[in-house]
Structure formats: structure tokens, C-alpha cells
Amino acid sequence: MPSTTAKTLTSGRAFWTGFRDGTPFVLVVGPFAVLFGVLAAEAGLNVLEILVFSVVVIAGAAQFTALQLMTEDAPTVVVLASALAVNLRMAMYSASLTPWIGAAPLWQRAIAAYFVLDQSYACSIVQFEKAPGMSIPARVAYFAGAVCPVVPVWYGATVAGALIGTQIPESWALDFALPITFLAMIAPMLRTPAHVIAALVAVVVSLLTAGVPYSLGLIIAGVSGMMAGARAELRADVRKAAA
């Protein structure tokens, strides 16, 4: 769980606090990245292509979505649209982080934009809300710290998976890393009824649309969950205003 810090927290201490909070995610990011490398190699990509895929996209869910559609010979437009739709959550992450680090220098925001990951966002937003008195440099340092243990492991484990390929036995069940990663990130963030409603609606709709071709059911579920959550939050705001 991200640590609460005082207003006097220095950038150096903030960085190492973020590093400590982001390190546990390595335990699931590693197997997740290895699995992507293995599946990408089985799909016919070479090691360089797999590494470039991870460096350029750097979004596991979008990478798995695109890879699956590519193996199904889906149209290129569908592959790109699906990967983009899955990654739209990053735009929401960025909007959520803007009030906290939006005043940072442009070059820092540009670098942070590339490294907005599920893990870095989950750690940072919880930390910033718990310690609103942190300075802008300390927030940026914390964000950087939360990223540092995760990204090198993602790159390295992806290459390892590509090199190992089919030598990993199925009994290892590396695909467990994906659901565990998202459960670890989402559970602490379900703090309001709107969050819970959004999650429940997304789960139900994803199950109902599981048979939709090209995994488009996930997009439908995501949009449905966001709409439900936004509606619930709007109703809550109206009730508060009336009270």
C-alpha cells in the first residue's frame, strides 16, 4: 500500500518511497511479460519485433489484445481500434493525474505520459490523495520511483519470454499474472459506490458479450462500466448538492 508522506518529504525520499511501493508489482509483471514474449514468439514475431512491441506500446492489456487479434487474422483496422480502445484508460489515468502533476515542467510531463502504467497510476493516485501536501517535485519523483522497478522488468522479461518461447511448460500457468495484477490494482481503488458500480457493470457486460467477435465485448464492457460509474457519480453529486 502506498505510504503517506509529510509536506517536508524531499524528492529523494519520495522517489524511494515510490520505488518501494511499486516493487511488489514486479512479482506479477515479470510472469505477465514472459507470457507475452512466449505468445508473441509462437505467433511468429522475432525477438527484436517483440521487444519493439513492448517498448513502443508498453501496455500489456493492449499488447495481448492486439496479439490475439493478429493471430485471428483480424482486419488491421480492428486490431488498431481494439488496442486503442483498451488503452483509452490511459487517457483517463492522465486526466486523473493532471491536478497532481500538471504543473510540472513540460519535459517531465512528457516523460511521465509515456510511463503512465496501471501500476504507476495505482500507486501514485492513492499516494497523492493520502498526502495532498506533497510538492510538485516530490510527486513527480514518487511517480518516477513507482515506475523504475516495473519497466525494466517488463522489457527484460518480454525478451526472456521471446527467447524461451515454447520451452516453458503449460503447467507453470503464467497467465495467472494478468488477473492477479489487475485485482491488486483495482481492489484498493474501489472506494466509492460509483467505483463499485462501474466495476460490477463492466464485469457483467463482459460476461454477456463474451461471444462478440474480435474480443469487442471488452470494449463494450469498458464503455458500459464508465457510463454507469459516471452516472452514479453524477447522481451522488446531485444528492450532495440538494442536501
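The values are calculated or read from the model by the stated rules, or taken from the named source; none is laboratory data. Being a predicted model, the structure only gives us computed values, none of them experimental. Neighbour counts run over all protein chains shown; Cβ positions are idealised from the backbone, glycine included. Just the protein is used for accessible areas: all its heavy atoms, side chains included, with ligands, DNA and RNA removed. Shrake-Rupley method; radii C 1.70, N 1.55, O 1.52, S 1.80 Å.
Length gain on complete extension for the stretch Ile164 to Leu48, per 0.36 nm per residue less the alpha carbon to alpha carbon distance?
Between Ile164 and Leu48, full extension yields an extra 40.4 nm.
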Candidate residues Ser82, Ser11: accessible-area rank, largest first, probe 1.4 Å: Ser11, Ser82
query: Roughly speaking, to the nearest percent, how much of the chain's 1.4 Å accessible area is carbon and sulfur?
result: 71 percent
statement: With the charge dipole of the chain built from beta-carbon charges (+1 for Lys and Arg, -1 for Asp and Glu) about the Cα centre, the Cα from Ala110, Ala74, Thr10 projecting farthest to the positive end belongs to Thr10
field: Label corresponding to Cα extents along the principal axes in Å when calculated from the structure given, among [x] 67, 39, 37; [y] 54, 43, 34; [z] 56, 34, 32
entry: [y]
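Indicate the helices, whole DSSP H runs only, in the chain that combine a mean Kyte-Doolittle hydropathy of -0.5 or more with a Cα extent along their long axis of 30 angstrom or more. Walk me through the numbers on the way to the answer.
Details: long enough: 76-101 (37 Å, 1.30); 216-242 (39 Å, 0.68).
Span-like helices, by this rule, are 76-101, 216-242.
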- prompt: Ordering Trp107, Trp154 by how much accessible area each has at a 1.4 Å probe, largest first, what is the list?
  reply: Trp107, Trp154
task: Over the chain, average the accessible area per residue using a 1.4 Å probe and give it in Å², no decimals.
output: 53 Å²
Listed residues Thr192, Thr158, Thr209, most fluctuating in the chain (Gaussian network, C-alpha, under 10 Å): Thr192
- request: Evaluate E = 1/(1 + (r/R0)^6) for His195 and Leu80, where r is the Cβ-Cβ distance and R0 equals 30 Å; express this FRET efficiency to the nearest 0.05.
  value: 0.50
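For the chain, what's the relative contact order in percent, using C-alpha pairs closer than 8 Å and at least 6 residues apart?
On the way: 316 pairs, mean separation 79.8, N = 243.
Here the relative contact order equals 33 percent.
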